[in-house]
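Asker: This is the structure I want to talk about, given as structure tokens.
The values are calculated or read from the model by the stated rules, or taken from the named source; none is laboratory data. In this text the structure is predicted, and so the values were computed from the model without any measurement. Ideal geometry is used to build each Cβ from the backbone, glycine not excepted, and the neighbour counts take in all protein chains shown. The accessibility values were calculated without ligands, DNA or RNA, using every heavy atom of the protein model including side chains. Shrake-Rupley method; radii C 1.70, N 1.55, O 1.52, S 1.80 Å.
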Amino acid sequence: EKFKAKMIKEKISKGYAQCPSGSSASATAPMAGSNKQAEAKGAKRKPGDGDEAAEDEKPPAKAPKKSKAKVTPTAPVSPAATPLNAAASPSSNGGEVVYSWSVEYAKSNRSTCQASKEKIDQGAVRIGKEVDNPFKPGTRMFLWHKAGALFDQFRKGAEHKPRIKSVDEIVGFADLEQKDRDELEELVAAEAAFREGLSEAEEDTERFEHPKGVFWSIVVAGSTTRVKWGQIGEEAVLSEKSHADEAAAEKFKAKMIKEKISKGYAQCPSGSSASATAPMAGSNKQAEAKGAKRKPGDGDEAAEDEKPPAKAPKKSKAKVTPTAPVSPAATPLNAAASPSSNGGEVVYSWSVEYAKSNRSTCQASKEKIDQGAVRIGKEVDNPFKPGTRMFLWHKAGALFDQFRKGAEHKPRIKSVDEIVGFADLEQKDRDELEELVAAEAAFREGLSEAEEDTERFEHPKGVFWSIVVAGSTTRVKWGQIGEEAVLSEKSHADEAAAEKFKAKM
């Protein structure tokens, strides 16, 4: 109860409004008046507030600290003010709107460059990007950057995100010393020449599309490459790189094209580089003809070249079933659940055995599984060889801990009868596994009985959050209104601790 009270207090402070009794199953629009209630409480709205897609699983990305931003006067901002990227879709660059660019000498050494994350020394040139102030709606603030780091950042991100095109756009440029004006003019001129060269070479772009509805393209201009990728029909994300020379740029291009073709991409016919409809016909056949390996997440280029994709399980850590084609009639354990609700995961069976070696790794705890230790396998589609399946191995305790979070309807073990190989375990191991399954069943039964006491909150941004206490356990759910919830279930020291957590939240 303490946990519940704590959680409710926290949600109200963020602008959530409690739904009337009996409306906990609401799945339509945010309740009327909830915005006014948030304003009446003077709730602070932080960046990302209301986006509960990973709440309680990991902390939200840090917003810039007030001490690092120069805030403009608090008078309401005129709605007629035109941002620099007014022509761009806000969703294409994370909703970023830039009103102006400003340059000055840093007044102290407290500010941090938002591009390089390095401290900006007192007296050093810093460029400010004027944006809406998330700490005080209706006002604006500056996010500061070192000049070189800002221009490096212009080479990646959303294709139409705001960039400096002329020194005339920079407020305070005339107040700089001559040498600093010269350096800044060089940066702006280099950026303009860089973009002009790429624009002239744009017609030589080679574009590739994937059956999953994504595209990737590349063009070389001198020693520079421009790579674009994204969903077909939507604005591209780009990455622009300078290489040692033209030969190095061409080598990079050839390497990347070879990699894309191996992943199932097919090159578009000449002149179709601006295609923005469906994947080109026959691209799937081309991928099959090349025997392309399809890895998890292949084709999802939303963050390519910015960060490496999540690692797929290594072949050595998975037991792969025979390579005969899988019967389409096979029914996964979560057939009733929406694949999109749990990352597309489909589980066909659970299996238990003693580890044959010490090479496997628990997919929940990421710890090595010792030879001879009990391990539970989750049978899933094999991403390395379509048409076959494989087992992802887990330590028993870590797997059951993992059941307490994630998509609400993701597959979980409900009975030892579901576990292939259970009868082949030694008695003590059967007893331990039965205890884990029974504890999980009792845990879910207790929460189900308390479900009618759930307190639900909705936010004007179209998301919800709910909490219920059952003894010393709390179940928190959150997500988009009208969509399947993500949940987190926790055991506390006692009932009082659970209520305290609820009140705080």
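Asker: Enter the accessible area of Cys268 (Å², nearest 10), with the probe set to 1.4 Å and all protein chains included.
Answerer: For Cys268, the solvent-accessible surface is approximately 20 Å².
Asker: Once you have the Cα-Cα distance between Ala193 and Asp180, take 0.36 nm times their residue separation minus that, and quote the gain in nm to one decimal.
Answerer: Details: separation 13, 0.36 × 13 = 4.68 nm, distance 2.00 nm.
Value of the extension gain: 2.7 nm.
Asker: Computed FRET efficiency, Cβ-Cβ of Lys490 and Tyr105, R0 51 Å: what is it to the nearest 0.05?
Answerer: Working: r = 50 Å, r/R0 = 0.98.
In this case the efficiency is close to 0.55.
Asker: What does the extension gain come out to for Tyr354 and Ser13, with contour length at 0.36 nm per residue minus their alpha carbon separation?
Answerer: Details: separation 341, 0.36 × 341 = 122.76 nm, distance 4.99 nm.
So the chain would gain 117.8 nm between Tyr354 and Ser13.
Asker: Of Lys9/Lys366; Lys428/Lys490; Lys136/Lys161; Lys161/Lys251; Lys385/Lys428; Lys228/Lys385, which sit over 32 Å apart, Cα to Cα? List each step's numbers first, then the result.
Answerer: Working: Lys9/Lys366 35 Å; Lys428/Lys490 27 Å; Lys136/Lys161 24 Å; Lys161/Lys251 29 Å; Lys385/Lys428 37 Å; Lys228/Lys385 28 Å.
Over 32 Å apart, Cα to Cα: Lys9/Lys366; Lys385/Lys428.
Asker: If you rank Phe384, Phe403, Phe194 by how much accessible surface each has, with a 1.4 Å probe, what is the order from largest down? Walk me through the numbers before you get to the answer.
Answerer: On the way: Phe384 45, Phe403 5, Phe194 25 Å².
These residues rank, largest area first, as Phe384, Phe194, Phe403.
Asker: Moving on to the next point. Any idea how far apart Lys156 and Ala398 come out in nm if each label point goes 7 Å out from Cα toward Cβ?
Answerer: Taking the two extended label points, one gets 3.0 nm.
Asker: Round to the nearest 10 and report in Å² the accessible area of Lys385, as given by a 1.4 Å probe over the protein chains' heavy atoms.
Answerer: Probe radius 1.4 Å; accessible area of Lys385 about 100 Å².
Asker: Using r as the Cβ-Cβ distance of Ala124 and Ile481, and R0 as 41 Å, what FRET efficiency do you calculate, to the nearest 0.05?
Answerer: Working: r = 47 Å, r/R0 = 1.14.
For Ala124 and Ile481, the calculated efficiency is 0.30.
Asker: Just the Cα atoms of segment 96-166: what Rg and Dmax do they give in Å?
Answerer: Both quantities, over Cα of segment 96-166: 12.2, 34 Å.
Asker: Ignoring ligands, DNA and RNA, please state the percent of accessible area on segment 128-207 from carbon and sulfur, probe 1.4 Å.
Answerer: Numbers: 1940 of 3980 Å².
Heavy-atom surface of segment 128-207 belonging to carbon and sulfur, 1.4 Å probe: 49 percent.
Asker: Another question, if that's okay. For segment 403-505, take every pair of Cα atoms, bin their distances at 5 Å starting from 0, and report each bin as a whole percent.
Answerer: 2, 12, 18, 20, 16, 12, 9, 6, 3, 1, 0
Asker: Follow-up question, since we're still on this one. Please compute the modelled spin-label separation between Ala149 and Lys428, points set 7 Å along Cα→Cβ, answer in nm with one decimal.
Answerer: Rounded to a tenth, the inter-label distance reads 5.6 nm.
Asker: With every protein chain kept in place and ligands, DNA and RNA left out, what is the accessible area per residue of segment 124-244? Probe 1.4 Å, answer in Å².
Answerer: Details: 5180 Å² over 121 residues.
It amounts to 43 Å² per residue over segment 124-244.
Asker: Which net charge results for the neighbourhood of Phe443, defined as the other residues with beta-carbon distances under 10 angstrom from its beta-carbon, given Lys and Arg at +1 and Asp and Glu at -1?
Answerer: On the way: positive: Arg404, Arg444, Arg475; negative: Glu440, Glu445, Glu489.
Once all neighbours under 10 Å are counted, the net charge is 0.
Asker: Okay, moving on. Using only alpha carbon pairs under 8 Å that are at least six residues apart, calculate the relative contact order of segment 366-419 and give it in whole percent.
Answerer: Working: 38 pairs, mean separation 14.0, N = 54.
Taking the mean separation of contacting Cα pairs over the length of segment 366-419, I get 26 percent.
Asker: Go through Lys11, Lys2 and list them by solvent-accessible area, largest first, probe radius 1.4 Å.
Answerer: On the way: Lys11 0, Lys2 75 Å².
Ranked from most to least accessible, the order is Lys2, Lys11.
Asker: Would you kindly derive the ³J(HN,Hα) couplings of segment 480-497 from the backbone phi angles with the Karplus curve 6.51 cos²θ - 1.76 cosθ + 1.60 (θ = phi - 60°), listing them in order in whole Hz, with x for Gly and Pro?
Answerer: 3J(HN,Hα) across segment 480-497, in whole Hz: 6, 4, x, 10, 5, 7, 9, 10, 9, 10, 10, 9, 10, 4, 7, 5, 5, 5.
Asker: Give me the accessible area of Val131, 1.4 Å probe, in Å² rounded to the nearest 10.
Answerer: 20 Å²
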